[in-house]
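Notes to accompany the following structure.
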Amino acid sequence: MKYLVMVQGTQADYEAMRGKGSEHSPAWSEREIQTMYAFMSAINDDLSETGEMLDGQGLAEPAKIRHVSRGADGKAVITDGPYSETKELLCGYWVLECESLERVTEIAERIAQCPQPAGAPEYPVVIRPILDGAGDI
C-alpha cells in the first residue's frame, strides 16, 4: 500500500528557522537547523535503503503559495500568500510504500521525534493512504 506522510507548519515556523522568532515559534539556531536536517536525512536514507521511500520533499514557505479557485462568474480567482501565521499548511511530505498501516505508523512516530528548539509548536504527522484508482470512493 502507498501512503502520503505529511508534516505541517506555518509561515511563523519558516521565519523562526531563519532566526526570526515570534510568539508562535522560537528562533532556531544554525546548530538546531543542522540537527533537524541530519535527523531527516537519516530517515530518508533508511527509507531509501528499505525501498519504502518513493518520494519525499520539503515545500516552500506559505508566503510563496498561490491559490487558484473559480469565482461566481466562472473566471479564475488567484490569491497569493502570505497567509495567516496560525494557519497550518503542508510543509513537507513522503510518499512511502509500506507493507502495513502499522509500519507506516512506526515511521510517522520516528518523524514526530524530530529535534527542535524548546517551545516550538508540535504538529501531528499525518498519514493518508493513497488510493489505487478510484479506491473505495
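The values are calculated or read from the model by the stated rules, or taken from the named source; none is laboratory data. Computed from a predicted model, the values in this text were never measured in an experiment. Quick reminder, even Gly has a Cβ in these numbers, built from the backbone with ideal geometry, and neighbours come from all protein chains shown. Heads up: the accessible areas ignore ligands, DNA and RNA and are worked out on the full protein's heavy atoms, side chains in. Shrake-Rupley method; radii C 1.70, N 1.55, O 1.52, S 1.80 Å.
In the complete set of protein chains, residue-level accessible area for Val77 is approximately 60 Å², probe 1.4 angstrom.
In this view, the solvent-accessible surface of Lys2, computed with a 1.4 Å probe and all protein chains in place, comes to about 90 Å². Think of each Lys and Arg Cβ as +1 and each Asp and Glu Cβ as -1; about the Cα centre, that makes the dipole of the chain roughly 620 debye.
Cross-link partners of Lys2 among aspartates and glutamates, defined as those whose alpha carbon lies under 14 angstrom from its own and excluding same-chain residues fewer than eight positions apart: Glu52, Asp55, Glu97, Glu99, Glu102, Asp132. Per residue, region 40-126 exposes an accessible area of 64 Å² to a 1.4 Å probe, with every protein chain left in place. Positive end of the dipole of the chain (Cβ unit charges, origin at the Cα centre): among Thr79, Gly133, Cys114, the Cα lying farthest that way belongs to Thr79. For Glu88, the accessible surface of its heavy atoms amounts to roughly 90 Å² (probe 1.4 Å, protein chains only, rounded to the nearest 10). Which of rounded, prolate or oblate describes region 11-58 when judged by the alpha-carbon gyration tensor and an a/c cut-off of 1.5? Since a/c reaches 1.5 and a/b is larger than b/c, the shape of region 11-58 is classed as prolate. Solvent-accessible surface of protein heavy atoms, probed at 1.4 angstrom with all chains present, puts Ile65, Ile78, Ile43 in the order Ile78, Ile65, Ile43, largest first. For Gly56, nonlocal amide neighbours, meaning residues 5 or more places apart or on other chains whose placed amide H falls under 5 Å from its own, are Val95.
Taking a point 7 Å out from the Cα of Gln34 in the direction of its Cβ, the residues of region 108-130 whose backbone N falls within less than 17 Å of it are 115-117.
Straight Cα distances below 19 angstrom link Lys64 to the lysines Lys20, Lys87, with same-chain residues fewer than 8 positions distant left out.
Of the options (1) -0.86, -0.97, -1.12, -1.19; (2) -0.57, -0.74, -1.04, -1.16; (3) -0.50, -0.76, -1.08, -1.20, only one is log10 I(q)/I(0) by the Debye sum over Cα atoms at q = 0.11, 0.14, 0.18, 0.20 Å⁻¹ as computed from these coordinates, and that is (3). In the chain, the DSSP-assigned H stretches of four residues or longer account for a calculated mean residue ellipticity at 222 nm of -9000 deg cm²/dmol, using -39500 (n - 2.57) per stretch and the full residue count as denominator.
In region 93-113, whose amide N lies under 20 Å from the spot 7 Å out along Cα-to-Cβ of Val126? List them in ranges. So the set is 93-98, 101-102, 104-113.
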